[in-house]
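Take a look at the structure below.
The values are calculated or read from the model by the stated rules, or taken from the named source; none is laboratory data. All figures in this text were calculated on a predicted structure; none of them were measured in a lab. Positions of Cβ are backbone-derived with ideal geometry, glycine not excepted, and every protein chain shown enters the neighbour counts. The area values use the complete protein model at the heavy-atom level, side chains included, leaving out ligands, DNA and RNA. Shrake-Rupley method; radii C 1.70, N 1.55, O 1.52, S 1.80 Å.
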Amino acid sequence: SQDKGEDAILAKAVERSGRVILGYYFSFGEETPGLEGRELESSYDVKTMGEHADIITGDGIVGNIGSIGKGAAGFGYFNIVPDIDGGVRWDPLAITYKERYYAPLALQTLRFYLGNPPITLTLADYGVAGLRLGNLSIPVDEEGRMTINYYGGQQTFPHYSIADAIANRIPKEKLKDRIVLIGSTAIGIYDMRVTPFEATYPGVEIHATVIDNILHQRFITRPKWLAIIDIFAIVVVGITLGLVIPRLSAWIGFIVAISVLASYLLLNLYIFSSSGLLINGVYPAMTVVLTYPGIILYRYITEEKEKKWIKGAFQYYITASVMEEILKKPDMLKLGGEERELTVLFSDIRGFTTISEKLSPERLVSLLNEYLTAMTDIVFEHKGYLDKYIGDAIMVVYGAPLPQGDHSVQACKTAVTMMAELKKLQQKWEKDGMPLIDIGIGINTGPMVIGNMGSKRRFNYTVMGDSVNLASRLEGLNKTYGTNIIISEKVYEVVKNEYLCRELDMVRVKGKTEPSRIYDLIGRIEDTKEASEMAAVYNKGLEYYRRRELENALREFERVLVLKPGDKPSEMYIKRSQHLMKGLKPDWDEAV
């Protein structure tokens, strides 16, 4: 076939060059069927000083086509492991697989470039004790990870089009005796990463940065003795502010605190820029941020006044039991803005404007008050903080003011209970001749700023941030997908073992650049046995759709419509599948 012919051409080119290092990747969580050829010959020269090393372990390997890999000069994995926020700040320079150690693509490429010196990995009981490429020492942590020293945004390294290379439009001196990495850099493809400099950074340029860091010994390092400096800075800053600020006015004390904070951060930045030492700036900075308001509160607010203020501010927004806990332990309530991981729930009545036009003002107020009272009681029952009413909409925060370990679960319990209570109200309203209303609910968990927001004269204890906005957008998406409760992926990961959910789509909501995976929350697993078959068939259809097995996808989604007539998400995917089967380009965003 043509594909095999192209593979053969590529295989011959690789073999003829004799200088090609090919990539492969490890899978995690399950064994991935794949080729396990010469890739597995590339391993470290291991020196052991202990019996155990906590290094990333692969569960499967996906390699190259045998004919192509046969002529390669070497192999290296190209796994990139981001932090929890999606940012790529470090690179794993060793991964274990079947009790052997393997090097990444960047390290293997540089090794070949330098004449194939040995790569030495030294292990100890606590983890990786050292890593060397010939005479080059590479600083890594106990897990074998190297902090990447980025030089800026993308295009830091020269980029050339593959089309220009094929057409011989690139001057030979640009490539002679250079390391050339071949990869994709277009924004529309998958291999774009988040770095400290950019939200869309080509993954291939990360490998280039790692190579350059090692080759020119430009590292970000954090020696163990810096922990002593961190502790010393925290103690000195805390004691200094504790002694100085109480003797100054609030305004002068604020200037002193800000000056100390700014001086420390500037010194930190200077040391980092000049020598690449990574000094912890978070804890000393937080010492300043927390010490100053703590001292001011202690000076100007007595315990009784504090309790009176708290009770007056929160008695209409949280349940009485939570209020009592706050009054017993007011120090648990952090006044002023702070970032915490919380859960936000938005609820809104569908078509409220149309309903209001059909009712007299008196009946409309009666209907709305009855609905809001029932929903608010449910919020308090699950220890939610009623942030505000926005007309007929409700905004609730979980995990504040008091910490709440299961705030995602409590929000989902609230949403499911709201829908059950709404059905009871609908039966009552139908008997009373009132219009039936439906609601949409959006839930998201994430980092957000919680605290008193507003002006000096009037403020509100509320939350702000992208995570809050996403919850609001999810609520609005119920109209699009014909659902009642939509949750984010982060909420789903917490509640998936307790609640029956199905993935709806990957959407790029307004105000966000990256697509978000969203889920339809159907109910508690033990209460939704009848819907479990529908959800299973739907999920199977979605899996087929994502693999572009469109005929199989159509079959499964049509089965869903038999089990649940009028299911809007299934109807949507049926239309998409039919559209694609006709050979038409998607008229929706392919990134989602």
I'm checking my understanding of the structure. Among residues of the range 383-410 that are at pLDDT 90 or above and in a strand (DSSP E or B), which one is nearest to Asp438 (Cα to Cα)?
Ala393
Return the pair list, or none, for Cβ contacts closer than 6 Å from residues in the range 243-272 that are surrounded by 14 or more Cβ atoms within 10 Å (Cβ to Cβ) to residues that are hydroxyl-bearing (Ser, Thr, Tyr) and part of a helix (DSSP H, G or I), at least 6 apart or on different chains.
Ala257/Tyr292
Given (1) out of contact with any Leu (no Cβ under 8 Å at 6 or more places or on another chain); (2) open to solvent by 50 Å² or more (accessible area, probe 1.4 Å); (3) modelled with pLDDT under 80; (4) among the hydroxyl-bearing types (Ser, Thr, Tyr), index of the condition Ser43 fails:
(2)
All positions within the range 273-294 that are open to solvent by 40 Å² or more (accessible area, probe 1.4 Å), touching a residue at least 40 places away in the same chain (Cβ under 8 Å), in a helix (DSSP H, G or I) and not aromatic (Phe, Trp, Tyr):
Pro293
Every residue from the range 399-419 that is touching a Gly at 6+ places or on another chain (Cβ under 8 Å) and closer than 14 Å to Phe380 by Cα
His407, Gln410, Ala411, Thr414
Name the pairs whose Cβ atoms lie under 6 Å apart, with the first residue in the range 361-373 and assigned to a helix (DSSP H, G or I) and among the aliphatic types (A, V, I, L, M), the second crowded, with 17+ Cβ neighbours inside 10 Å and at pLDDT 85 or above, and 6 or more positions between them or separate chains?
none
Filter the range 216-242 down to the residues that are more than 32 Å from the chain's Cα centre (by Cα) and touching a residue at least 40 places away in the same chain (Cβ under 8 Å), then identify the one that is farthest from Pro284 (Cα to Cα).
Gly242
Restricting attention to the range 90-97, does a residue exist that is polar (S, T, N, Q) and open to solvent by 60 Å² or more (accessible area, probe 1.4 Å)?
no
Tally time: how many residues in the range 123-155 are open to solvent by less than 60 Å² (accessible area, probe 1.4 Å), of a type in the set (S, T, N, Q) and either in contact with a Lys or Arg (Cβ under 7 Å, 6 or more places away or on another chain) or assigned to a loop (DSSP other than H, G, I, E, B) (or both)?
3
Determine whether the range 347-360 contains at least one residue that is acidic (Asp, Glu), modelled with pLDDT of 85 or more and either over 33 Å from the mean Cα position of the chain (by Cα) or open to solvent by 40 Å² or more (accessible area, probe 1.4 Å) (or both).
no
Would you confirm, using the coordinates I've provided, whether Lys413 is part of a loop (DSSP other than H, G, I, E, B) and either within 20 Å of Leu474 (Cα to Cα) or of a type in the set (Lys, Arg) (or both)?
no
For the range 220-242, which positions are farther than 30 Å from Pro139 by Cα and either open to solvent by 60 Å² or more (accessible area, probe 1.4 Å) or of a type in the set (Gly, Ala, Ser) (or both)?
Gly238, Ile239, Thr240, Gly242
Give me a count of the residues in the range 413-439 that are within 30 Å of Glu338 (Cβ to Cβ) and not hydrophobic (A, V, I, L, M, F, W, C).
3
